1. Using the basic label-point model (7 angstrom from Cα toward the beta carbon), what is the residue 63 to residue 219 distance in nanometres?
2. Over the Cα atoms of the chain, what is the Rg over Rh ratio if Rh follows Kirkwood?
3. Once the Cβ-Cβ distance between residue 174 and residue 149 is put in as r, and R0 is 41 Å, what FRET efficiency do you end up with, to the nearest 0.05?
4. What is the Cα coordinate range of segment 151-220 on the first, second and third principal axes, sorted by size from largest, in whole angstrom?
5. So how tilted is helix 201-212 from the main axis of the chain? Cα-based, degrees 0 to 90, rounded to 10.
6. Return the distance in nm (one decimal) between the two label points of a simple spin-label model at residue 121 and residue 78, each offset 7 Å from Cα along Cα→Cβ.
7. Quick check: the angle from helix 151-171's long axis to the longest principal axis of the chain, C-alpha only, nearest 10 degrees?
8. If neighbour count is taken as other Cβ atoms inside 10 Å, put 23, 118 in order from fewest to most.
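Nothing in this text is a laboratory measurement; each read-out follows from the coordinates by a stated rule. As the structure is a computational prediction, the values presented were derived from the model and not from experiment. All Cβ positions, even for glycine, are placed from backbone atoms using ideal geometry, and neighbour counts span all protein chains on display.
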């Protein structure tokens, strides 16, 4: 009788990388005047939560941005009414620079990611951050080394350029005290003339919006020669 060779499944050892650190990320409600933005939308919270991070959102943080507490909860965030609890997280995300009172709530060695507006800071403000040993990452100074572009500043500039034309169009209406001028004009009426100073990102998106509305656009800028 032939002896059948029995083959057994062999174990294989796979390299296991170091376990990723799970972070506690806080999203406070912005108290600045006319600030309607929120640091993270629910879909961004869902992405972070899927990677195991714990997200604490202060109740009402997204209301003015049209995001409810329920949407954040369904995305995996923990919604809390306690502002102090949000400020005890490892990473704090804001869309407006923290006030002096908010710095007092921050924890030692906390990471802050928000606009900082460095040229406008006073000595007391910086000293408070230093005493808390806060690692502050200014959004407006985050740069993509490959493209040499400041992505956060660019996005804000795109919004500013688009909004500027839309606000101007509204202010031209008689309902807002204007002369009743339509940017694009109508049949038999020439379009309004829009003059844009500069040719940066703000000007680019302002001109796009004005042209889309049918306005006649002229851009004035300086030419640098070397």
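1. 4.2
2. 1.19
3. The pair residue 174/residue 149 has a calculated efficiency of 0.50.
4. Result for segment 151-220: principal-axis Cα extents of 41, 23, 17 Å.
5. Roughly 60 degrees, rounded to the nearest 10.
6. If labels sit at residue 121 and residue 78, their model points lie 2.9 nm apart.
7. That works out to roughly 30 degrees.
8. 118, 23
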